[in-house]
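The values are calculated or read from the model by the stated rules, or taken from the named source; none is laboratory data. Source: prediction; values computed, not measured. Here the Cβ is made from the backbone with ideal geometry for all residues, glycine too, and neighbour counts use every protein chain on show. Just so you know, the surface numbers come from the protein's heavy atoms only, side chains and all, with ligands and any DNA or RNA stripped out. Shrake-Rupley method; radii C 1.70, N 1.55, O 1.52, S 1.80 Å.
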Amino acid sequence: VNEVLKTNVAKYTASDLITQREHVSQLILNDLKQRAREFNLVIDDCSITHCTFSQQYNKAIEEKQVAQQEAERAKYLVEKALQDKRTVITRAEGHAAAAQLIGEAVQRNPAFV
C-alpha cells in the first residue's frame, strides 16, 4: 500500500494533490486493485481523507498568501494615488477655467472690478 501511495503521490505537487484529490484517489485505487489481485484480494474503494504537509510547506503557503495580500494592497494604493492625481488635475483645470472666465469678464467690463 505504501509503495503504491508513494509512487502516485510523487507524481503531483502538494497543491495538485489537494485540487485533484478525486483523480489521485482513482489512480491509487486502480493501482491498489491491480496489486491486490496478485494476492487474491479485492479492494472496493480508496479515498484520500487526510493530507498533511510539512511545517516548512505550510509556512511557505502562508508567506505566499501574505505576499499576495501585500501586493493587492500596494496595487490598491497605486490606484488610489492615480485617482487622487486625476482629482487634483481636474480641480486645477476647473480653477484655471474659472480664473480665465473671470479675467475675460473683467476685460469685457472694466467696471466689474
Residue-normalised accessible area of the chain, expressed per residue, 1.4 Å probe, Å²: 85
Using alpha carbons only: equivalent-ellipsoid semi-axes of the chain, gyration tensor based, whole Å: 74, 14, 7
Contact order normalised by residue count of the chain, Cα under 8 Å, 6+ apart, percent: 16
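Can you pull out the chymotrypsin sites (Phe, Trp or Tyr not before Pro) in the range 1-100 whose DSSP state is coil and whose Cβ has at most 12 other Cβ atoms within 10 Å?
Within the range 1-100, the qualifying chymotrypsin sites (Phe, Trp or Tyr not before Pro) (loop, at most 12 other Cβ atoms within 10 Å) are F39.
Charges at C-beta only: +1 for Lys and Arg, -1 for Asp and Glu. How large is the resulting dipole of the range 52-107 about its Cα centre, in Debye rounded to 20?
Numbers: 8 positive and 8 negative charges, 21 e Å.
Magnitude of the dipole: close to 100 debye.
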16 Å Cα-Cα reach of K6 towards lysines, excluding residues that sit fewer than 8 places from it in its own chain: K33
Label-point separation, Q56 to H95 (7 Å along Cα→Cβ), nm: 5.9
Helix-only CD estimate at 222 nm, as mean residue ellipticity for the chain, using -39500 (n - 2.57) per DSSP H run (n ≥ 4): -26000 deg cm²/dmol
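Could you look at the chain and say what percent of its accessible area is carbon and sulfur, using a 1.4 Å probe and all protein chains?
Ligands and nucleic acids excluded, carbon and sulfur reach 55 percent.
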